[in-house]
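Visitor: Below you'll find the structure I mean.
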Amino acid sequence: MITFEDFSKIDFRVGKVIKAENIEGAETLIRLKVDFGELGERIILSGIKEWYKPESLEGKSYIFVFNLEPKKMMGEESQGMIMAAESKDGKECVLLVPDEDIPPGTWVH
């Protein structure tokens, strides 16, 4: 359990993937270049390669953790995290998407 105060520190934002590509030598990672509107663009690495092809992600909006401390993976810095759910059978990864066209950078409550 975390406190409401701890939870309120997490900054969820809508981001639009403007470019996605496999990372050479990485079995699970995809590099995402994400537009967060007035907040700028970020590179976010995600271990979703088993379930998604990079080209299927481009041009779509997803929910991201915006204020996650950057982390180095495969020699690159990831500046956030895409939010995903596990399917009922635990064998699929399902990315969280807004159900309406929401501008990049919008705060998710």
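Visitor: If R₀ is 30 angstrom, what is the calculated FRET efficiency for the pair residue 77 and residue 108, using the beta carbon separation as r and rounding to 0.05?
Guide: Values: r = 23 Å, r/R0 = 0.77.
Using R0 = 30 Å, I get an efficiency of 0.85.
Visitor: Give the relative contact order (percent, whole number) for segment 4-101; include only Cα pairs under 8 Å separated by 6+ residues.
Guide: Working: 197 pairs, mean separation 25.6, N = 98.
26 percent.
Visitor: Moving to a separate point now. Ranked highest first by the average count of other Cβ atoms within 10 Å around their residues, in what order do 64-72, 4-12 fall? If you can, show how the numbers build up before the last one.
Guide: On the way: 64-72: 14.3, 4-12: 10.1.
My ranking of the peptides, most packed first, is 64-72, 4-12.
Visitor: Additional query: Please report, in debye to the nearest 20, how large the charge dipole of the chain is about its Cα centre when each Lys and Arg carries +1 at its beta carbon and each Asp and Glu carries -1 there.
Guide: On the way: 14 positive and 21 negative charges, 29 e Å.
Once rounded to the nearest 20, the dipole reads 140 debye.
Visitor: At 222 nm, what helix-only mean residue ellipticity would the chain give, in deg cm²/dmol to the nearest 500, using -39500 (n - 2.57) for each DSSP H run of four or more? Intermediate values should be presented prior to the final figure.
Guide: Numbers: 2 runs with 8 residues, N = 109.
It comes out at -1000 deg cm²/dmol, rounded to the nearest 500.
Visitor: Residues with amide H under 5 Å of residue 73's amide H, sequence separation 5 or more or different chain, H placed in the peptide plane at 1.01 Å from N; which?
Guide: 78
We did not get these values from a lab; they are worked out from the coordinates using the rules stated. The shown structure was predicted, so the numbers you read here are calculated from the model rather than taken from an experiment. Note that we place each Cβ from the backbone using ideal geometry, even for glycine, and neighbour counts take in every protein chain shown.
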